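The values are calculated or read from the model by the stated rules, or taken from the named source; none is laboratory data. What you see is a predicted model; the values in this text were computed from it and never measured. Because the Cβ atoms are built from the backbone with ideal geometry, glycine has one as well, and the counts that use them run over all protein chains shown. Side chains included, ligands, DNA and RNA excluded: accessible areas come from the protein's heavy atoms. Shrake-Rupley method; radii C 1.70, N 1.55, O 1.52, S 1.80 Å.
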Amino acid sequence: MCGIVGYIGEKNAQNFLISGLKRLEYRGYDSAGIVTLDEKGKATLLRAKGKIANLEEKLAKAKRDDHIGIGHTRWATHGEPSETNAHPHKAGPIYLVHNGIIENYKELKAELSDFEFQSETDTEVLAALINSFYQDGKYPLANAVVQALKLVKGTYGIAVASEFAPEEIVVARSGSPLVIGVGHDETLVASDASALLGHTKRAIYLNDGEVAVIGKNSIEIKTLNAEPVSAKVEEIETNLAAIQKGGYDHFLLKEIMEQPESLTETLRGRVNAKEGTVHLGGPRLSVEELRKIRHLLIVGCGTAYHAGLLASYYIEQFTPEVTVEVVIASEYRYRSAYIPEDSVALIVSQSGETADTLACLREIKKQGVRTVGIVNAIGSTIAREVDGGTYVHVGPEISVASTKAFTSQVIAMVMFGLTIAQAKGVKGTMLRLYVEEIARLPEAIRSVLETVPKTVKRIAEKHAKYEHAIYLGRDTAYPAAMEGALKLKEVSYVDANAYAFGELKHGPLALIDDRFFEVVLLPKGVLYEKAVSNIEEVLARGGHMVVVTNVTDFDLPVEDVILIDAKVEKFAPLLMNLVSQLLAYYMTVCRGLNVDQPRNLAKSVTVE
Ligand code: M6R
């Protein structure tokens, strides 16, 4: 949530700050601001409510050739989206941009009674606190920052500049990511490495509790307790093409259509279809350790949680001695749940920065339970803190709605389950069938994405005026239905909910009327006949149904049928989910809404 950028070097700082903020806009987009300093420390502060385009309008009248500056794109936590609440916040000569939440800001504010606060934000309190220790440049900026941070409770990634020190920026992190880009005669700062692409490929990822003083050609990192830190410079793996729309109108459509390739990346070097085996090195568990596993705890939020749920249905089919428990991170972190012996926790997160998921990871580690990350963002906090992990390698996901990550998270977890089953010596053709289907899945996805979009678009146009939708499924189609409903509601704002078909009679059937349409995911399988009876029950009550199925002779009189004609069966719900993703996309386009940046949301939820 929110994006931070900073620049110090020989080039125009405003240019980098604006281009960097545009790259990070998907992380928060209710207001934005930048401040730059000239050689004498004269500041140019620009802030605007709304999109970065509004900030650019202001910038057109305030161009400067300054070489140092910091910027921010905001997702409001304290105080409404407005220019006054936008960052950077100023306190005396200090300018501050901040991601995260200062939890004790009210107490700190009460202590700073001399300061005239302009905004409702927690960030301005931190700026004033730093200023109180800075005493108009009497002490080094870094010392003032450290003194202030020692009093702070909460999370932060910050960048601080001062009119009295226009040759340095101070950055620090605790719970909110910050990366320093190492360039030639320039040093850059960002909360996400994508903002650095095109400028440098060399990056230092700051750890919690570290503070860095950066100059044009210098980076000095220490802990809050003043212990020096020797920084590791890492290569940024992403390339520019991966963060551009590549000819698509929206990132969401691009990311849906990328799935044959992104899943191929997830499988690369990990699946041996000939032998019917999988191999995952990243979890760093020996065969003996895998054999001992009795309980899998899967933790995630939103789409990552749904991916865990769907994976659990598969994993319990081929690892019979293992119980699988899937939990929502924001709930689990405050429960007093008992984790049995011989457990492994899978920590699932596309961004690797989700605050609740990270909190669970830390809590679970405290209990001595082995943790394995199922993460996309390389070098992210979760990826670095887990004991081992499997990157899903789907490349950057820019659209706020998660799509390609879901598909790969499910398969990465299924592969982890298969690894356990292999270690436990599960025999027979069952494992082989799963592995063969996994190997065929990228092509099956390609075939669906080549054939269904036109039909889905037509159906979306027909349903664009509905305000309510119900997604229905049984067995593996149920978690897929949950994911479909989440996708539709978050981008099209249609009130969509998912139910296990068998639950309808226990309440939700009362909803069925002309205001609703139903999306049914109907795979072949043992519960097919039962699901067909459920469909009849809904039809008898006037349902308006879209059925997505791989059963070629499905012939009930529903309004719309989308046939998934692909050669995988076990993972058919993943293919049906492609239809849900496309339906959400086209409905949103028809309703004229912001596809990639839905209202009130942000890509990476780094606050609780
Ligand atoms: O980065 P994470 O996978 O940890 O994010 C978890 C959720 O915030 C995320 O999946 C969210 O639900 C998406 N916007 C759904 O499309």
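Observations
- Burial ranking of peptide ranges 236-249, 12-25, 406-419 (average Cβ count within 10 Å, highest at the top): 406-419, 12-25, 236-249
- Here the accessible area of the range 227-267 is 49 percent carbon and sulfur, with a 1.4 angstrom probe and all protein chains present.
- Shape descriptor for the chain: Rg over Rh equals 1.00 (Cα atoms; Rh from the Kirkwood inverse mean 1/r).
- Principal axis extents of the Cα atoms in the range 452-593, from largest to smallest and rounded to whole angstrom, are 40, 36, 25.
- Available extension along the chain between Glu608 and Glu537 is 21.5 nm, counting 0.36 nm per residue and deducting the alpha carbon span.
- Anisotropy class of the range 189-346 from Cα gyration tensor, a/c 1.5 cut: oblate
- Trypsin sites (Lys or Arg not before Pro) restricted to DSSP loop in the range 300-403 with at most 15 other C-beta within 10 Å: Arg335
- Annotation: per residue accessible area for the chain equals 39 Å², rounded to a whole number [probe 1.4 Å, protein chains only].
- Per atom type, the range 452-593 shows carbon and sulfur on 50% of its accessible surface, probed at 1.4 Å.
- Under the Debye formula (equal points on every Cα, no solvent term), log10 I(q)/I(0) of the range 365-513 at q = 0.12, 0.16, 0.17 Å⁻¹: -0.75, -1.17, -1.24
- Modelled spin labels at Glu237 and Asn143, positioned 7 Å past Cα toward Cβ, are 4.3 nm from each other.
- Computing FRET efficiency as 1/(1 + (r/R0)^6) for Thr455 and Asp513, where r is the C-beta to C-beta distance and R0 is 45 Å, gives about 0.95.
- Distances between placed amide hydrogens fall under 5 Å for Val547 paired with Val520, Asp560, Val561, Ile562, all partners being 5 or more residues away or on another chain.
- Eligible lysines near Lys427 by straight Cα distance, threshold 28 Å, same-chain separation 8 or greater: Lys274, Lys292, Lys524, Lys567, Lys570
- Cleavage-rule hits, GluC sites (Glu not before Pro), the range 60-159, DSSP coil, Cβ neighbours within 10 Å at most 12: Glu116
- A convex hull fitted around the alpha carbon atoms of the range 87-167 yields 82 Å³ per residue.
- The chain - mean residue ellipticity at 222 nm from DSSP helices (-39,500 (n - 2.57) per run, n ≥ 4, rounded to 500): -10500 deg cm²/dmol
- Calculated FRET efficiency, Tyr334 to Glu167, Cβ-Cβ distance, R0 = 51 Å: about 0.65 to the nearest 0.05.
- Accessible area of the range 316-432 belonging to carbon and sulfur atoms, whole % at 1.4 Å probe: 50
- For the range 126-238, the alpha carbon convex hull comes to 97 Å³ per residue, rounded to a whole number.
- Relative contact order of the chain, defined on C-alpha pairs under 8 angstrom at six or more residues apart (%): 12
- Put a plus charge on the Cβ of each Lys and Arg, a minus charge on the Cβ of each Asp and Glu, and nothing anywhere else: the dipole of the range 309-468 about its Cα centre is then about 400 debye.
- Over 27 Å between alpha carbons, listed pairs Lys457/Lys489; Lys22/Lys61; Lys61/Lys153; Lys51/Lys454; Lys254/Lys462; Lys462/Lys489: Lys61/Lys153; Lys51/Lys454
- Extents of the range 245-448, largest first, come to 51, 41, 25 Å (Cα atoms, principal axes, whole angstrom).
- All aspartates and glutamates inside 19 Å of Lys222 as judged from Cα atoms, apart from same-chain residues fewer than 8 positions distant: Glu167, Glu168, Asp208, Glu210, Glu234
- Antiparallel DSSP beta bridges within the range 245-448, as percent of all bridges there, nearest 5: 10
- The long axis of helix 122-134 is offset from the longest Cα principal axis of the chain by roughly 30 degrees.
- Karplus (6.51, -1.76, 1.60) ³J(HN,Hα), θ = phi - 60°, over the range 91-104, in Hz, Gly and Pro reported as x: 9, x, x, 8, 10, 9, 10, 8, 10, x, 9, 8, 6, 9
- Using the Stokes-Einstein relation with a Kirkwood hydrodynamic radius computed over Cα pairs, the translational diffusion coefficient of the range 3-236 at 25 °C and a viscosity of 0.890 mPa s comes to 144 µm²/s.
- Of the GluC sites (Glu not before Pro) found in the range 338-431, those in coil by DSSP whose Cβ has at most 16 other Cβ atoms within 10 Å are Glu341.
- Pairwise label distance in nanometres, Glu467 with Arg284, each label 7 Å out on the Cα-Cβ vector: 5.3
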